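Below is one structure, written out as structure tokens; comments come after it.
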Amino acid sequence: MMEQRRGLLIILSSPSGAGKSTLASRLRDWDRSIRFSVSATTRPPRSGEEHGREYYFHSRAEFEAMVAADEMLEHAEVFGNFYGSPKGPVAEAIEAGQDVLFDIDWQGGQQVRNSSLGKHVLSIFILPPSIPELERRLRSRGQDSDEVIEGRMTKSRDEISHWPEYDFVLVNDDLDETFARLKTIVSAERLRLSQQPALVETVRRLNKEFEERT
């Protein structure tokens, strides 16, 4: 019988266009038990959005109260609205042995690593193979103006500078090979000693069996 393990708090970060969202989607297709962290926000819900599905929707006062009560793993203000990751649902999932996936930037990653759940973090940074390739991928989407793409490229330089802060760094030069490496990392980290509290009882049983031999 498989021993009960704690879940991992998996952080994926990368500059826009490096392939993070595609890899996150593949990871969840590979193991449907991996949950995607649902963020909280103070922006109003858009048509079709539901509380607890796309986001947890809160008033600004509610959000600030949650931050003051240390109920957020990470948070930031973006264009006048707060966004953040509620701690409670993540802690419950981890204790139940369920992995939770975070698609956040290096600043959010820092906050999560420094939180009370930091010991369960597996952080992975995705690098592009080259800057020209990164720009090519952004332009191939056909979604953004030249001005927006230039802004993303400028921001990418700062984001890439934080690569040493992560547990693992993958260069996404081939999507299939990168995903294979990502699966290997997750599989191995699930066996990390800190993620297997039931091993304590296993070792106690083994010691007791030693004693019974004498």
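The values are calculated or read from the model by the stated rules, or taken from the named source; none is laboratory data. Predicted model, so just to flag it, every value in this text is computed and none were measured. Positions of Cβ are generated from backbone atoms using ideal geometry, with glycine treated the same way; all protein chains shown enter the neighbour counts.
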* **Single unsatisfied condition, Ile11 versus (1) assigned to a loop (DSSP other than H, G, I, E, B); (2) β-branched (Val, Ile, Thr); (3) surrounded by 18 or more Cβ atoms within 10 Å (Cβ to Cβ)** => (1)
* **Top-ranked residue of the stretch 165-178 - restricted to ones that are in contact with a strand residue (DSSP E or B) (Cβ under 9 Å, 6 or more places away or on another chain) and either on the phi > 0 side of the Ramachandran plot or not charged (D, E, K, R) (or both), ranked as surrounded by the most Cβ atoms within 10 Å (Cβ to Cβ)** => Asn172
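Just for the stretch 158-186: of the residues that are free of Cβ contacts under 8 Å to residues at least 12 places away in the same chain and part of a helix (DSSP H, G or I), which one is nearest to Asn114 (Cα to Cα)?
Among them, the one singled out is Pro164.
Table: residues versus (1) closer than 30 Å to Ile149 by Cβ; (2) without any contact (Cβ under 8 Å) to a residue 40 or more places away in the chain.
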| site | (1), (2) |
| --- | --- |
| Ile10 | yes, no |
| Ala24 | yes, no |
| Phe36 | yes, no |
| Ser39 | yes, no |
| His51 | no, yes |
| Ala65 | no, yes |
| Ala69 | no, yes |
| Leu73 | no, no |
| Phe79 | yes, yes |
* Structure fact -> Over the stretch 192-214, the set of residues surrounded by 11 or more Cβ atoms within 10 Å (Cβ to Cβ) and either in contact with a strand residue (DSSP E or B) (Cβ under 6 Å, 6 or more places away or on another chain) or not in a helix (DSSP H, G or I) (or both) is Arg192, Gln196, Pro197, Ala198
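Give the residue, chosen from Ser116, Ser123, Ser145, that is of a type in the set (Gly, Ala, Ser) and either at pLDDT 95 or above or surrounded by 13 or more Cβ atoms within 10 Å (Cβ to Cβ) (or both).
Just one listed residue meets the conditions, Ser123.
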* Return yes or no: is Val90 in contact with a Leu (Cβ under 7 Å, 6 or more places away or on another chain) and among the aliphatic types (A, V, I, L, M)? => yes
